[in-house]
Amino acid sequence: MIKTLTAALLLLTLAGCNSNGVASGTQPATKTSTGRTLPAAPPPPQVQEEAASCIADVKQCADGSFVGRDAANNCAFKPCPGEGKQ
């Protein structure tokens with residue numbers, strides 16, 4: 001019974017929305033309740049490509065230290081201390 005009522009309420013709510021997901025007959029507010037005009041909103045942030053994420057494993061170096069992977073180097077292991085770039 002509760003599922004049926006919930007489904008009916010959801011359908012009624014969705015029926016009152018237009019294709020933009022905004023209730024029919026409503027418009028964005030341009031003035032506050034005191035009658036002052038609202039400032040323009042800032043533009044949305046730019047979408048940046050995500051940085052590569054690497055597997056979180058490590059490599060043990062000859063001196064006993066450990067190094068992880070370098071996302072800037074196509075996820076290759078970082079060089080061990082005292083070694084050149086791999």
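Here residue 80 does not fit the description of being out of contact with any helix residue (DSSP H, G or I) (no Cβ under 9 Å at 6 or more places or on another chain) and modelled with pLDDT under 80. Considering the stretch 35-73, and only residues there that are modelled with pLDDT of 90 or more and polar (S, T, N, Q), the residue that is surrounded by the fewest Cβ atoms within 10 Å (Cβ to Cβ) turns out to be 60.
The values are calculated or read from the model by the stated rules, or taken from the named source; none is laboratory data. Keep in mind it's a predicted model, so treat the numbers as computed, not measured. Cβ coordinates were reconstructed from backbone atoms using ideal geometry, including for glycine residues, and neighbour counts include every protein chain displayed.
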